[in-house]
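To start, the structure itself, in C-alpha cells.
The values are calculated or read from the model by the stated rules, or taken from the named source; none is laboratory data. Keep in mind it's a predicted model, so treat the numbers as computed, not measured. Heads up, the Cβs are rebuilt from the backbone with ideal geometry, glycines too, and the neighbour counts pull from every protein chain shown. These area figures cover heavy atoms from the full protein model, side chains too; ligands, DNA and RNA do not enter into them. Shrake-Rupley method; radii C 1.70, N 1.55, O 1.52, S 1.80 Å.
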Amino acid sequence: MEIVRQLGQKLKQNIANVIVGKEREVDLLLTALLASGHVLLEDVPGTGKTLLAKSLAASLSLSFQRIQFTPDLLPSDLTGIHYFNQKDGEFHFRPGPLFSRIVLADEINRATPRTQSSLLECMEERQISIEGRTMPLESPFMVLATQNPVDNQGTFPLPEAQMDRFLIRMKLGYPSAAEGVEILRRTAAAGSLKPEETTRTATAEEVLEAQRLCGQVRVADDLMGYIVALAEATRSHDETALGISPRGTQALLRAVQAYAALQGRDYVLPDDIKQLLLPVWSHRLVLRKRHEAGSQAERILTGILNSIPVPSEKELESGVK
C-alpha cells in the first residue's frame, strides 16, 4: 500500500500549490478517485469548488473536459452526435465531452432533468448508449460536479437516483483567518499558480494500479457486519422515508478501502468507517420531511453512529483471520 500512499502524497502536494488548506476535502477527493467514484462539491459561490476540481484534473495525465450546465443544454451536447459528412457521403459520430476521463459538471443542478439523466448510465455503468449503440468509456472515469445549494432560482434539484450515483458529497466551507490571509498573499503575488500550470504527477496506468491495490485492502467480517448494522438502522429510523440501499453499503466499503490505502494500510479500521460515513451516506438518505434534508441527515447519521456498538479488537482479529 506504500505505492498508493506515495501517489496520494504527490497529488496532495501538487493540489496544495493551488488550493490553500482543505486537507480533509482533498483526502476525500482522492478517496473517491481511487475508489472509482464520483464527487459532488456543494457550497456557496466563491469557496473554490471549481478550482479544486480543476486542480485535481490538472494533476492527472488524463483527458479533461469542463461542462457549464445551463437550462438550454441538451443530452446530445454531453454524449455526442452523428453528423453527415458531405465529403464521403456517410454519417460519422462526434463524441461529446463525456468521453473524457475526468469530467467537471459545473453547476449541475442548472440543467433540466432530461439533460441530467444523460449522466446516469455513464456514472454507474461506465458506458454511453446512443441510437442503439453502446460505447464503453475509458478507465479511469470520474465525474466531478458542483452545485450551489443556496440559489434555487432557475435550478432543477437532483433526483435520488442521480444523487445515489455520487460516492461522496462534500462541502468546502469558508477558509480560516490564516488561510484567508494566505489566499490574499498568493493573489497579490505575481507568481501565483493556476491549475493548468501545475505539474502532471500521475498517469492513467498509475491511477488504475492504485485502484486495483485499493481493492485488496482487507476488511474484517465484523466490520462488514458493522456497516450493514448501520445501514439497517437508517432503514428503520422514524425520520427516514428511505434508508441506505445495498449500493450505499458497497459505496462505503469501497471508500474505506481506498481511504485506508491512502494512509498506507492494507486493512480497514472502525475509525475509517466513522470518518467516511457522513460524506458517503448523508446525501443518500431520504427524509420524511424532505425540506429538512442536509444537516438533518447528518444529525440522524451521527446519532446512529453513536448508538451502534463498534466491534472489539478481538472480534476484528478473528474476522481478518
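For the subset of the stretch 28-64 comprising residues that are among the charged types (D, E, K, R) and in a helix (DSSP H, G or I), which member is least open to solvent (accessible area, probe 1.4 Å)?
Lys49
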- Item | Filtered residues of the stretch 147-175 (kept if under 16 Å from the mean Cα position of the chain (by Cα) and open to solvent by 70 Å² or more (accessible area, probe 1.4 Å)) | Glu160, Lys171
- Note on the structure: Of (1) assigned to a loop (DSSP other than H, G, I, E, B); (2) within 23 Å of Leu278 (Cα to Cα), Ala105 fails just (1)
- Message: Any residue at all in the stretch 289-307 that's at pLDDT 90 or above, open to solvent by 30 Å² or more (accessible area, probe 1.4 Å) and of a type in the set (Val, Ile, Thr)?
- Response: yes
- Item | Flag if Ile273 is among the β-branched types (Val, Ile, Thr), closer than 15 Å to Val228 by Cα, modelled with pLDDT of 90 or more and in contact with a Phe, Trp or Tyr (Cβ under 9 Å, 6 or more places away or on another chain) | yes
- Based on what the data block shows, is Asp266 over 19 Å from Leu305 (Cβ atoms) and either open to solvent by 20 Å² or more (accessible area, probe 1.4 Å) or in contact with a Leu (Cβ under 6 Å, 6 or more places away or on another chain) (or both)? yes
- For the stretch 247-267, name all the residues that are of a type in the set (Phe, Trp, Tyr) and free of Cβ contacts under 8 Å to residues at least 40 places away in the same chain. none
- Spot the failing condition for Ile19; the list is (1) crowded, with 18+ Cβ neighbours inside 10 Å; (2) more than 16 Å from the chain's Cα centre (by Cα); (3) within 27 Å of Gln250 (Cβ to Cβ), and only one is missed. (3)
- Limited to the stretch 210-220, what total is found for residues that are in a helix (DSSP H, G or I) and surrounded by 14 or more Cβ atoms within 10 Å (Cβ to Cβ)? 4
- Item | Odd one out for Gly225 among (1) assigned to a helix (DSSP H, G or I); (2) under 25 Å from Ala58 (Cβ atoms); (3) open to solvent by 30 Å² or more (accessible area, probe 1.4 Å) | (2)
